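A quick write-up on the structure given underneath.
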């Protein structure tokens, strides 16, 4: 039902967008980034949260973390993640496929300003093996999202490289974005 509701939503509001189905799971940011060949920041992760008595969705870049002080300032309280059952009940999407599209009932949707660092992002599309590619601005417009600043600053490239574990090709398997070996500090 969930993937079908996303397809119906997109057919009505954005018929030019195609749902991408992958054989590999895209249930986590790491898996989704690998499945789509993008850095984790480009994965638009949708968090289903409860703030007080209100359920809302916050879409952030995949490598971002919520900032509790900013959440409190924006929403009047700290956000608590919904559990898997609550998430599916509120969105009709399973954990790993949660997105702001095709919801069974309207929910407030907020997009974190950190998404604007990218010209294209990849949110899930209602299942753990589906997604869509679009600009952050278009995503926000489609779901009538409000822009907020609720995430901690994302590490810069230099901060990401320092202290990262580097494999023999000069790439960091646990941290991204990947960089060319020439850009890495001298390991000798």
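The distance from the alpha carbon centre of the range 37-98 to that of the range 1-16 is 21 Å, rounded to a whole number. For the peptides 73-81, 13-21, 58-66, the ranking by packing is 58-66, 73-81, 13-21, with the highest mean count of neighbouring Cβ atoms within 10 Å listed first. Residue exposure proxy: 101, 9, ordered by other Cβ atoms within 10 angstrom of their Cβ from fewest to most, comes out as 9, 101.
The listed peptides 50-57, 92-99, ordered by packing as a protection proxy, come out as 92-99, 50-57 (highest mean of other Cβ atoms within 10 Å first).
Multiplying the residue separation of residue 28 and residue 53 by 0.36 nm and removing their Cα-Cα distance gives an extension gain of 6.3 nm. In terms of its C-alpha gyration tensor, the range 71-127 comes out oblate, because a/c is 1.5 or above while a/b does not outweigh b/c. Between residue 69 and residue 16, the C-beta separation translates, for a Förster distance of 35 Å, into a calculated FRET efficiency of about 0.35.
Each value in this text was obtained by applying a stated rule to the coordinates, not by laboratory testing. None of these values were measured; they are calculated from a predicted model. Cβ sites come from the backbone with ideal geometry, for glycine too, and all protein chains shown count toward neighbours.
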